[in-house]
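Colleague: Dumping the structure here so I can ask a few things about it.
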Amino acid sequence: MPAEPFFPLDTLDAADVAYDIEAIRAFNPHRFEMEQVDHIVTYREDPLSAVAARRIKDDEFWVRGHFPGHPLFPGVLMVEAAAQVASFCFHMKFGKLEGKVFGFGGLQDVKFRGSVVPGDVVLLMVRANAVRMRRAVFDVQAWVDRRLVCEAVVIGVTMPAPTD
């Protein structure tokens, strides 16, 4: 049986913008094709959690080749999108880290429960499970039209920032 949503779905509007793409960019280094979040719909400090929106467009880099004729949003990008929301939450708690980035440390219990296609709007929900400066664990969910399409545990770690 699918999990209950971390946030009541009837209280969320994917068009609501609590934090725009510029606010996300202030913390997350992703740009261009690897920006997987459009905006933050809602954010909570306690418990540390957020909902973000991601509109799936028909001109994205993966559409042509990820099942030609029936494009499906790749699961790895769905998990990446959720991890970017988790990164935003982490930085909202700890601020920008000098000389460090918050990156993927691992995934656990990943389940894909439905397809996501161009035209869909994905609500990405993250909820902190354990958060420390060096390592954080987030439960994540992805919802489309009130359907749970993905759930996972995302582990993030701080690491040295890449140098030029």
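The values are calculated or read from the model by the stated rules, or taken from the named source; none is laboratory data. Worth saying up front: this structure is predicted, and the values here are computed from it rather than measured. A quick note on method: Cβ atoms are made from the backbone with ideal geometry, for glycine too, and the neighbour counts reach across all protein chains shown.
Colleague: Just one of the numbered conditions (1) touching a Phe, Trp or Tyr at 6+ places or on another chain (Cβ under 7 Å); (2) farther than 20 Å from Asp10 by Cβ; (3) at pLDDT 95 or above is not true of Lys96; which one?
Modeller: For Lys96, the exception is condition (3).
Colleague: Another question, if that's okay. Looking at the range 44-69, which of its residues are of a type outside the set (D, E, K, R), touching a residue at least 24 places away in the same chain (Cβ under 8 Å) and either within 20 Å of Val149 (Cα to Cα) or crowded, with 19+ Cβ neighbours inside 10 Å (or both)?
Modeller: Filtering the range 44-69 for residues of a type outside the set (D, E, K, R) gives 47-53, 56, 61-63, 65-69.
Subset that is touching a residue at least 24 places away in the same chain (Cβ under 8 Å): 47-53, 56, 61, 63.
Those that are of a type outside the set (D, E, K, R), touching a residue at least 24 places away in the same chain (Cβ under 8 Å) and either within 20 Å of Val149 (Cα to Cα) or crowded, with 19+ Cβ neighbours inside 10 Å (or both): Leu48, Ser49, Ala50, Val51, Ala52, Ala53, Ile56, Val63.
Colleague: Then there is this: Give the residue that is surrounded by the fewest Cβ atoms within 10 Å (Cβ to Cβ), with candidates limited to residues of the range 120-164 that are acidic (Asp, Glu) and free of Cβ contacts under 8 Å to residues at least 60 places away in the same chain.
Modeller: From the range 120-164, those acidic (Asp, Glu) are 120, 139, 145, 151, 164; that's our starting set.
Retained after the next criterion (residues that are free of Cβ contacts under 8 Å to residues at least 60 places away in the same chain): 145, 164.
Values: Asp145: 11, Asp164: 2.
It comes out as Asp164.
Colleague: Continuing with this model, one more query. Being out of contact with any Leu (no Cβ under 8 Å at 6 or more places or on another chain), over 21 Å from Gly95 (Cα atoms) and β-branched (Val, Ile, Thr) is the filter here, so list the residues in the range 125-151 that pass it.
Modeller: Within the range 125-151, just Val149 meets the criteria.
Colleague: Ala86: touching a residue at least 12 places away in the same chain (Cβ under 8 Å) and within 12 Å of the chain's Cα centre (by Cα), yes or no? Lay out the reasoning, then the answer.
Modeller: Details: touching a residue at least 12 places away in the same chain (Cβ under 8 Å): yes; within 12 Å of the chain's Cα centre (by Cα): yes.
Yes: the conditions hold for Ala86.
Colleague: Quick check, is Val41 among the aliphatic types (A, V, I, L, M), crowded, with 16+ Cβ neighbours inside 10 Å, within 14 Å of the chain's Cα centre (by Cα) and assigned to a loop (DSSP other than H, G, I, E, B)?
Modeller: On the way: among the aliphatic types (A, V, I, L, M): yes; crowded, with 16+ Cβ neighbours inside 10 Å: yes; within 14 Å of the chain's Cα centre (by Cα): yes; assigned to a loop (DSSP other than H, G, I, E, B): no.
Here the answer is no, as Val41 does not meet what is asked.
Colleague: Same structure again: Can you tell me which condition Asp10 does not meet? The list is (1) outside any strand (DSSP E or B); (2) closer than 20 Å to Met92 by Cβ; (3) modelled with pLDDT of 95 or more, and all the others hold.
Modeller: Going through the list (1) outside any strand (DSSP E or B); (2) closer than 20 Å to Met92 by Cβ; (3) modelled with pLDDT of 95 or more, Asp10 breaks only (2).
Residue-wise test of (1) over 18 Å from Arg55 (Cβ atoms); (2) out of contact with any helix residue (DSSP H, G or I) (no Cβ under 8 Å at 6 or more places or on another chain).
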site	(1), (2)
Lys93	yes, yes
Glu98	yes, yes
Val101	yes, yes
Ser115	no, yes
Asp120	no, yes
Arg132	yes, yes
Ala136	yes, no
Leu148	yes, yes
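Colleague: Considering each residue of the range 100-119, count those that are at pLDDT 95 or above and crowded, with 22+ Cβ neighbours inside 10 Å, and give that number.
Modeller: 1
Colleague: Also: Please find, among Leu97, Leu77, Leu72, the residue that is within 15 Å of the chain's Cα centre (by Cα) and surrounded by 13 or more Cβ atoms within 10 Å (Cβ to Cβ). If you could, list the steps in order and put the result at the bottom.
Modeller: Working: Leu97 fails: within 15 Å of the chain's Cα centre (by Cα); Leu72 fails: within 15 Å of the chain's Cα centre (by Cα).
Just a single option satisfies the conditions, and that option is Leu77.
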